[in-house]
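Throughout, read-outs are computed from the coordinates displayed, never taken from laboratory work. Since this is a predicted model, take the numbers as computed values, not measurements. Quick reminder, even Gly has a Cβ in these numbers, built from the backbone with ideal geometry, and neighbours come from all protein chains shown.
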Amino acid sequence: MDGDYAIGGVFSIHRYMHAVMHNYTMMPEPLRCTGRIDSRELRLSHTMVFAIEEINNSTELLPGIKLGYEIHDSCASVPLAMHVTFQLSNGLDPVFYTREECSQSGMVMAIVGESGSTQSISMSRIIGAFNIPQVSHFATCACLSDKQQYPSFFRTIPSDQFQADALAKLIKHFGWTWIGAVRSDSDYGNNGMASFLDTAQREGICVEYSESFYRTHPHSRIQRIAEVIRRSTSLVIVAFAASGDLKILLEELSRWPSPSRQWIGSESWVTNPDMLRFSACAGAIGFGIQKSVIPGLTEFLLDLSPTKVTASPVLTEFWEDAFNCRLAKSEKLDPCGYESVCDGTEDIKTLQDPYTDTSQLRITNMVYKAVYAIAHAIHNEVCQDTNSTAQCDKFTRIESKQVVSQLKKVNFSQNGYDVSFDANGDPVARYELVNWQKSESGSIEMVTVGRYDASLTDGQEFHINRKLTWVEGRTEVPVSVCSNSCSPGTRKVLQKGKPICCYDCIPCPEGEISNATDSPDCSPCPKEFWPNAERDTCLPKPVEFLSFDEVLGIILAAFSVAGAGFAIITAAVFFHHRTSPIVRANNSELSFLLLFSLTLCFLCSLTFIGAPSDWSCMLRHTAFGITFVLCISCVLGKTIVVLMAFKATLPGSNVMKWFGPPQQRMTVVFFTFIQVLICTIWLLLRPPFPMKNLTIFKERIILECALGSAIGFWAVLGYIGLLALFCFVLAVLARKLPDNFNEAKLITFSMLIFCAVWITFIPAYVSSPGKFTVAVEIFAILASSFGLILCIFAPKCFIILFKPEKNTKKHLMNKYQS
């Protein structure tokens with residue numbers, strides 16, 4: 001249609017270009033299209049006509065100016081797209097006009113189209129040199145946002161970069177990490193899939209296979225890709241493909257039964273009503289352009305009278321294909337073999353076809369907005385807005401580069417939809433999440449279940465507001481992972497030679513945890529913490545020490561108190577019978593001192609029970625060392641007294657005066673003072689202190705007393721052992737002395753037990769773990785104390801209490817009585 005300013009249009013109304021075999025002996029025949037008409041593309045081209053007629057009838061936009069159009073079919077091929085681009089840009093009309101109302105120039109002000117990215121790239125490289133703006137409604141390749149290469153390219157549909165990001169976030173949202181990928185072997189498919197794979201990799205999604213194909217490829221290649229899909233283990237397939245390409249693959253997959261797959265689709269095919277016939281794709285989800293309403297478009301599309309149809313070869317072909325009949329006036333050959341002639345009863349309103357389906361206007365609205373964007377750009381260049389009216393001069397000669405400049409500035413709303421372009425010629429990216437759901441009648445229909453708005457902040461772009469239906473009508477989200485998620489307490493170990501999504505789950509090592517799903521590493525717990533059984537949480541280590549609350553502590557404390565009580569009772573018995581011969585004959589002063597020291601020995605073991613503190617750590621070792629030296633000193637004194645007593649019976653012996661009671665007391669004090677001195681030096685230099693032992697047991701803390709100075713500890717023990725050994729040697733020397741009164745034998749046995757206990761104590765003490773170290777030390781104290789009191793005092797108490805007839809001086813001095 002002619003007009004004051006012409007707009008070009010390029011659509012892929014046919015799907016194929018007729019292949020020509022050149023023999024180089026004659027002129028090649030003109031390029032022509034073949035195959036069936038794409039009804040949706042036909043609807044898009046008529047939408048452009050509708051929009052131009054609507055603008056021409058408007059009193060606000062370009063009043064008094066008539067827009068013309070020149071629409072071409074590119075047959076979805078690059079050669080034809082380039083051919084029509086040159087035809088639109090060179091200004092040569094096929095007919096020479098002689099009338100006065102011819103347009104100023106045959107060159108178009110702008111071009112709407114193309115539908116495919118590859119064709120749009122070829123077109124933009126040509127018209128970019130002439131500064132002719134191109135506004136595409138369906139070319140989504142992210143590469144077209146490069147203004148260095150495509151300076152005059154605009155589009156009303158978002159770039160695939162936004163769609164790729166949205167698809168990757170969608171897959172991440174549903175927890176799919178193992179997917180397959182197929183794409184059109186074109187700029188649209190290759191660039192779109194490259195953007196998607198890049199985003200998917202950042203999101204931790206792995207791709208089992210990535211295959212490309214094109215509708216003109218050999219059938220063997222399509223079969224190979226179908227076989228790859230059948231053998232794959234991933235349940236989810238992302239298809240970044242044109243609907244014409246994907247249809248061939250789906251037809252091949254439907255030939256032989258194959259496992260069900262969850263299809264994730266790009267805008268190009270997932271919102272194409274013609275694809276809904278593939279029931280194997282039921283449950284497919286993908287992003288589509290927002291649905292819209294264009295008032296009056298439905299009536300315009302259905303207004304096809306026989307006159308209009310027969311006047312247009314394209315409409316004639318569409319009509320005959322749709323109703324399977326041949327128009328009587330059609331000069332077209334009959335390759336399809338239509339048997340009937342159209343009788344005029346055909347009603348396009350009853351036709352179920354993408355051309356007449358205006359229930360989900362998506363890409364159609366992109367064409368509508370593209371035409372209006374160009375009209376606004378021309379309006380801003382040739383019209384002057386004054387008050388509420390616009391004055392336009394249709395004789396103003398403008399160049400296409402002026403339209404390019406104005407397109408960068410357009411910002412308007414049409415039918416409630418905003419139209420503007422950013423610095424890259426792209427609109428704001430907004431999508432609807434579309435789900436293929438089966439209706440009650442069994443047919444598949446597109447249902448909008450959510451939205452995606454790239455202009456919102458991170459994490460807020462994606463929103464689902466309706467329940468989805470999945471593959472095979474499932475209501476639960478399908479699972480598509482190479483390996484199941486590793487639960488907390490385990491870590492991922494990659495399988496050799498496989499993608500990062502294929503891994504084994506290994507339990508965390510001892511002392512380490514992982515508290516997140518799919519953790520790549522385990523982290524060690526802090527020093528005073530230990531993992532729970534599941535190894536997903538660090539818990540405080542239980543603090544362990546010998547306490548009064550546990551059975552072992554209670555038993556040892558009971559024996560300690562019992563031993564002290566026994567020593568006190570023995571002292572009471574001795575005190576009550578202090579005038580008896582057996583008490584007087586056994587050096588009662590040293591005996592009472594020995595019983596006192598034994599009482600302290602029994603009681604000092606109590607200081608080893610309970611939580612260690614600064615005072616208890618210093619007290620337990622020093623009290624133990626001093627009381628035992630006091631005890632051994634008393635025994636040593638008694639042993640020396642026995643020896644001296646029998647030596648004193650020899651004629652001329654005057655020994656006892658050198659070892660009387662004062663000397664005995666001095667001996668005890670002297671030997672005890674040495675131990676006090678050792679303990680004092682130990683406490684002053686490096687005293688014992690409480691500490692948390694984290695090395696013996698990894699899973700618990702041993703609260704114990706550190707020795708401070710090991711030399712001090714072993715000096716205390718060594719001194720006790722030295723005195724005990726000395727006492728043992730003296731007792732052995734005196735064991736065969738005559739008379740019933742002879743403590744040497746009893747002392748020998750007590751020292752034998754004492755030395756045996758403490759000799760075995762050393763390896764047991766070193767090898768005992770944790771609180772049992774303390775228990776061993778308490779046991780050694782109690783055993784040696786009981787050994788002393790039982791060997792030395794028990795026989796005497798037995799005679800005093802149960803054999804009083806033997807408690808006489810005559811009996812003690814009787815050398816012949818047993």
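What to note about this one:
- Under 19 Å from the Trp714 label point (7 Å along Cα→beta-carbon), backbone N, the stretch 620-636: 621-622, 625
- Building the convex hull from the alpha-carbon atoms of the stretch 420-513 and averaging its projection over directions returns 11.7 nm².
- Sorting 236-243, 796-803, 763-770, 721-728 by their mean Cβ neighbour count within 10 Å, with the most densely packed peptide first, gives 236-243, 721-728, 796-803, 763-770.
- Theoretical FRET efficiency, 1/(1+(r/R0)^6), r = Cβ-Cβ of Thr345 and Met26, R0 41 Å, to 0.05: 0.35
- Distance from the stretch 167-245 to the stretch 249-276 (C-alpha centre basis), Å: 12
- The Rg/Rh ratio of the stretch 1-82, with both radii computed over alpha carbons and Rh defined as the Kirkwood radius, is 1.14.
- The mean sequence separation of alpha-carbon pairs under 8 Å and at least six residues apart, normalised by the residue count of the chain, gives a relative contact order of 9 percent.
- Computed from Cα positions, the angle between helix 243-253 and the longest principal axis of the chain comes to roughly 60 degrees.
- Pairs beyond 29 Å (Cα-Cα), from Lys247/Lys498; Lys169/Lys349; Lys147/Lys369; Lys172/Lys409: Lys247/Lys498; Lys169/Lys349; Lys172/Lys409
- Listed values for the stretch 71-79 are Karplus-derived 3J(HN,Hα) couplings in whole Hz (6.51 cos²θ - 1.76 cosθ + 1.60, θ = phi - 60°), namely 10, 10, 9, 8, 6, 6, 10, 5, x, and x replaces Gly and Pro.
- Convex hull volume per residue, computed on the Cα atoms of the chain, equals 290 Å³.
- Residue (of Phe559, Gly68, His577) at the positive-pole extreme of the chain, dipole from beta-carbon charges: His577
- Ascending count of other beta-carbon atoms within 10 Å, so fewest first, for Ile513, Ile225: Ile225, Ile513
- Partners for Lys66 among aspartates and glutamates (Cα-Cα distance below 16 Å; same-chain residues under 8 apart left out): Asp2, Asp4, Glu53, Glu54, Glu100, Glu101, Glu381, Asp393
- Formal net charge of residues neighbouring Gly9 (Cβ-Cβ distance under 12 Å; K, R +1; D, E -1): -4
- For the chain, the 222 nm mean residue ellipticity estimated from helices alone, with every DSSP H stretch of n ≥ 4 adding -39500 (n - 2.57) and the total spread over all residues, rounds to -13500 deg cm²/dmol.
- Short-range pairs are left out: with C-alpha atoms under 8 Å and at least six residues apart, the relative contact order of the stretch 148-217 is 39 percent.
- Cβ-Cβ FRET estimate between Arg700 and Ala562, R0 fixed at 22 Å, reported to 0.05: 0.10
- Dipole magnitude (debye, nearest 20) for the stretch 112-171, charges at Cβ of Lys, Arg, Asp, Glu: 80
- Among Leu630, Leu468, the ranking by other beta carbons within 10 Å of each residue's beta carbon, starting with the fewest, stands as Leu468, Leu630.
- For the chain, the longest principal axis of the C-alpha atoms and the axis of helix 219-231 are separated by about 30°.
- The relative contact order of the stretch 490-540, computed from alpha carbon pairs under 8 Å that lie at least 6 residues apart in sequence, is 32 percent.
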